[in-house]
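The next block holds one structure in the form of structure tokens; read it before the comments.
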Amino acid sequence: MSPGPAPQGQDLAGRLVELVTALRSKGIPAGTSETVDAAAVIEVLGLSDRAQLREGLAAALVRRGGQRDVFDMTFDIYFPAGIGTPQSALETDEDFDLEDLRDLLAMALAENDLRTLDQVAEIAVDLLGQVGTPATASGAFSAYQTLERLRPQTLVVQALEQRGQGGGGQGQGFGQGSGGEFTDRLERDEIRQNVERFRAMVASEARRRTAEIRGRDVVTRHAVRTGSDRIDFLSASKQQLEELARTVKPLSRKLATRLAARRRKASRGRIDIRRTLRRSMSTGGVPMHPVLAKPHPSRPELVLLCDVSGSVSGFSSFTMHLVQALSSQFSKVRVFAFVNAMDEVTDMVKEDSDDLAARIARDAHITKWHTSSDYGEAFADFHADHMSAIGPRTAVLILGDARNNNQDPNLSALHEISQRARRTFWLNPEASMRWGLGDSVAPLYAEVVEMHECCNVDQLTRFITRLLPV
């Protein structure tokens, strides 16, 4: 593989602009000032040390947590380590087969040799990852196909055996007493971590090779994941939902600061008419010196009505955890969950369980004679049993996709809930273009309460900081 291109002048400026554009498409808000900073970084650091350049551009362009992985993947596409077939693959013997590659990989895993792991990844993608004809626009290199054929996860035991044989007395301690078991567990974990590093190397190499065939923008669009704040709640995998769960506490601290600032701003500037008129008597009735009323800060109450059925449960669980983390910003927070029956789950949410959805499904009364969503029946339950939770200072948030399985939507119950509350909002995790399709009754509910599209963390954050009553 020849060294990566080192564009100069206009080519380098264009490449930087392309990188920033790609980052913005993946949810990293790099603007004009960040681009200028990145250009200054390149001018100071140059292109001779790629690792140093990566860190410098990351410092200039990445402003939020959880975005570094997205930046690294995009950087590897627009500033690759090389072009063409890697030298390690060109130098591979023609008789080199899959078993030889697996033996080499096991040795690299055992010896914790990251450089050899990188070379094995290059060889593996070239040998096992070709899809179609690479010389044509339909060709590509697949990390999935490479890893499925190579099966690196099955080499952990082989790598442990090689490490034991090469470690002399250290290998003899495996399984002998608690110390040997502890050492064995540590070494097994280290090898598994190396397997994950190898998987990432294969994915990076496959993206690089495919970008040379299909173009950088195409690969960025389809092979680089978006930032955590742009992950769609309804299509998120279990791993992505776990990643979102880790962002709750830092996100809640940021949102709490913004809500407190809104509250301070809202408590200033109200004129006390009576005292202002009294003071104006000394100036001939002209209110030259307005008197501001003393602020009476009162934090609102918050009630959540959460659909926890099916894929919507991921969105509801994340929002429940986030609101609980923000509970200090409200005088009272009560949480109700439903599928087709309504039950209060405030205490469950307060316990901050990792598997909140499973516990609600197990311990709360959220279903009746069937397990399909029925918003009308759930609203009827709330209207009959829990209306005392709503008062003139209460904001009600309804979380759900408004897919009612062709049941009665019970608009009258929702109207009563809305009339009793200070404000009522509906947060819908489905894209607005799908509202009203199939069994969705979102347009009907939107005529009664204010409905907002809330497909990802970014949209949820904007709603909380701009519209949630303070």
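Cβ-Cβ contacts under 7 Å between residues 6 or more apart (or on different chains), taken from a first residue in region 178-195 that is over 25 Å from LEU114 (Cβ atoms) and modelled with pLDDT under 85 to a second residue that is open to solvent by less than 70 Å² (accessible area, probe 1.4 Å) and not aromatic (Phe, Trp, Tyr), are listed as GLY179/GLY173; GLY180/GLY173; GLU181/GLY175.
Within region 48-65, restricting attention to residues that are surrounded by fewer than 16 Cβ atoms within 10 Å (Cβ to Cβ) and not basic (Lys, Arg), the residue that is modelled with the lowest pLDDT is GLY65.
When only residues in region 368-401 that are touching a Ser or Thr at 6+ places or on another chain (Cβ under 9 Å) and open to solvent by 40 Å² or more (accessible area, probe 1.4 Å) count, which is farthest from HIS452 (Cα to Cα)? So, considering only residues that are touching a Ser or Thr at 6+ places or on another chain (Cβ under 9 Å) and open to solvent by 40 Å² or more (accessible area, probe 1.4 Å), the one farthest from HIS452 (Cα to Cα) is THR371.
Yes/no per residue for (1) touching a Pro at 6+ places or on another chain (Cβ under 6 Å); (2) touching a residue at least 12 places away in the same chain (Cβ under 8 Å); (3) acidic (Asp, Glu):
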residue	(1), (2), (3)
ARG279	no, yes, no
VAL286	no, no, no
PRO300	yes, yes, no
LEU305	no, yes, no
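Among the candidates ALA395, ALA378, ALA325, the residue that is within 25 Å of LEU234 (Cβ to Cβ), in contact (Cβ under 8 Å) with a residue 60 or more places away in the chain and in contact with a Pro (Cβ under 6 Å, 6 or more places away or on another chain) is uniquely ALA395.
The set of residues from region 25-65 being outside any helix (DSSP H, G or I), under 28 Å from the mean Cα position of the chain (by Cα) and touching a residue at least 40 places away in the same chain (Cβ under 8 Å) comprises LYS26, GLY27, ILE28, ARG64, GLY65. Restricting attention to region 337-359, the residues that are touching a Ser or Thr at 6+ places or on another chain (Cβ under 8 Å) and hydrophobic (A, V, I, L, M, F, W, C) total 5. From the set of residues in region 414-440 that are more than 28 Å from the chain's Cα centre (by Cα) and aliphatic (A, V, I, L, M), which is nearest to GLY310 (Cα to Cα)? Among residues in region 414-440 that are more than 28 Å from the chain's Cα centre (by Cα) and aliphatic (A, V, I, L, M), the one nearest to GLY310 (Cα to Cα) is LEU414.
Restricted to region 105-159, and to residues there that are under 25 Å from GLY84 (Cα atoms) and among the acidic types (Asp, Glu), the residue that is most open to solvent (accessible area, probe 1.4 Å) is GLU148. Considered as a group, the residues in region 221-248 that are in a helix (DSSP H, G or I) and touching a Leu at 6+ places or on another chain (Cβ under 9 Å) include one that is farthest from SER142 (Cα to Cα), and that residue is VAL248. Filtering region 66-84 to residues that are in a loop (DSSP other than H, G, I, E, B) and surrounded by fewer than 15 Cβ atoms within 10 Å (Cβ to Cβ) leaves only GLY84. Counting only residues that are closer than 18 Å to ALA337 by Cα and assigned to a helix (DSSP H, G or I), which one in region 412-442 is most open to solvent (accessible area, probe 1.4 Å)? Once the filter is applied, the top-ranked residue is SER418. Scanning region 264-287 for residues that are part of a helix (DSSP H, G or I) and touching a helix residue (DSSP H, G or I) at 6+ places or on another chain (Cβ under 8 Å) returns no hits. One residue is enough: does region 402-411 have a residue meeting the conditions assigned to a loop (DSSP other than H, G, I, E, B), open to solvent by less than 10 Å² (accessible area, probe 1.4 Å) and modelled with pLDDT of 90 or more? Within region 402-411, one or more residues are assigned to a loop (DSSP other than H, G, I, E, B), open to solvent by less than 10 Å² (accessible area, probe 1.4 Å) and modelled with pLDDT of 90 or more.
The values are calculated or read from the model by the stated rules, or taken from the named source; none is laboratory data. Just so it is clear, the structure is predicted and the values come from calculations on it, not from any experiment. Methodologically, a virtual Cβ is constructed for each residue, glycine included, from the backbone with ideal geometry; neighbour enumeration extends over all protein chains shown. Keep in mind that these areas ignore ligands, DNA and RNA; they rest on the heavy atoms of the full protein, side chains included. Shrake-Rupley method; radii C 1.70, N 1.55, O 1.52, S 1.80 Å.
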